[in-house]
Amino acid sequence: QVQLVESGGGLVQAGGSLRLSCAPSKRTISSYTMAWFRQAPGKEREFVAASSRSDGRTSYTDSVKGRFTISRDNAKNTVYLQMNSLKPEDTAVYYCAASLYSSGTSRFQYGDWGQGTQVTVSS
């Protein structure tokens, strides 16, 4: 099992930026497809972005395309989610997840999760 530790959440005004970080323990990120999901109050957990373990290809949900960027730093064994032009509807708990699938946007493809970090965007 992979333990994932997220950081970087917080409160920001609309239009601002945040960068989330995720560092797994006892594993190297190069072995996993890494993804970010989010869950707003009263809503299901939804896919945000992923970086494939096989070729590093990235994928995004439509609502964040052009604003969010997922990236890996293998030297630091850390995955990032750079979030720009934040909107109030981006407010949610953001979760880092790891999968042995080569890609995936379904939460059921991810077996390891972090504890989540709160992102709040004020209008």
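Under a 5 Å amide H cut-off, with hydrogens placed 1.01 Å from N, residue 91 pairs with 121 among residues at least 5 apart or on other chains. Within segment 62-110, report the trypsin sites (Lys or Arg not before Pro) that DSSP leaves as loop and that have at most 16 other Cβ atoms within 10 Å. Loop-located and lightly packed - 65, 67, 76. These residues, 36, 113, go from largest to smallest accessible area, 1.4 Å probe, as 113, 36. Heavy-atom accessible surface of the chain, averaged per residue, reaches 52 Å², computed with a 1.4 Å probe. Taking θ as phi - 60° and the Karplus parameters 6.51, -1.76 and 1.60, the scalar couplings of segment 26-39 work out to 6, 9, 9, 5, 5, 8, 10, 6, 10, 9, 10, 10, 9, 9 Hz in sequence order, x denoting glycine and proline. Each residue of segment 107-121 was assigned a 3J(HN,Hα) from its phi angle through the Karplus curve 6.51 cos²θ - 1.76 cosθ + 1.60 (θ = phi - 60°); the sequence is 5, 6, 8, 10, x, 10, 9, x, 7, x, 9, 7, 10, 10, 10 Hz, with glycine and proline shown as x.
Could you compute how fast segment 44-94 diffuses translationally, taking Rh as the Kirkwood radius over C-alpha pairs and applying Stokes-Einstein at 25 °C with viscosity 0.890 mPa s? Give it in µm² per second.
204 µm²/s
Surface composition of segment 56-96: carbon plus sulfur atoms hold 44% of the accessible area, using a 1.4 angstrom probe and ignoring ligands, DNA and RNA. Under 13 Å of direct C-alpha separation, and excluding same-chain neighbours fewer than eight residues apart, residue 65 reaches these aspartates and glutamates: 90. Residues of segment 99-117 falling in the label zone of residue 65, defined by backbone nitrogen less than 18 Å from a point 7 Å along Cα to beta-carbon, are 104-106. Proximity of backbone amide H atoms, modeled 1.01 Å from N, is registered between residue 112 and 98 at under 5 Å, excluding neighbours fewer than 5 places apart on the same chain.
Phi-derived couplings, Karplus 6.51 cos²θ - 1.76 cosθ + 1.60 at θ = phi - 60°, listed residue by residue for segment 18-23: 9, 10, 8, 10, 9, 10 Hz, with x used for Gly and Pro. Local charge for residue 45 was computed over the other residues whose Cβ lies under 10 Å away, with Lys and Arg +1 and Asp and Glu -1, and equals +1. Under a Gaussian network description of the chain, with springs only between Cα atoms under 10 Å, the residue in 108, 37, 47 that fluctuates furthest is 108. Within straight-line reach of residue 26, meaning a Cα separation under 20 Å, sit the following lysines at least 8 residues removed in sequence or on another chain: 76.
The values are calculated or read from the model by the stated rules, or taken from the named source; none is laboratory data. Computed from a predicted model, the values in this text were never measured in an experiment. Quick reminder, even Gly has a Cβ in these numbers, built from the backbone with ideal geometry, and neighbours come from all protein chains shown. In case anyone asks, the SASA skips ligands and DNA or RNA and just uses the protein heavy atoms, side chains included. Shrake-Rupley method; radii C 1.70, N 1.55, O 1.52, S 1.80 Å.
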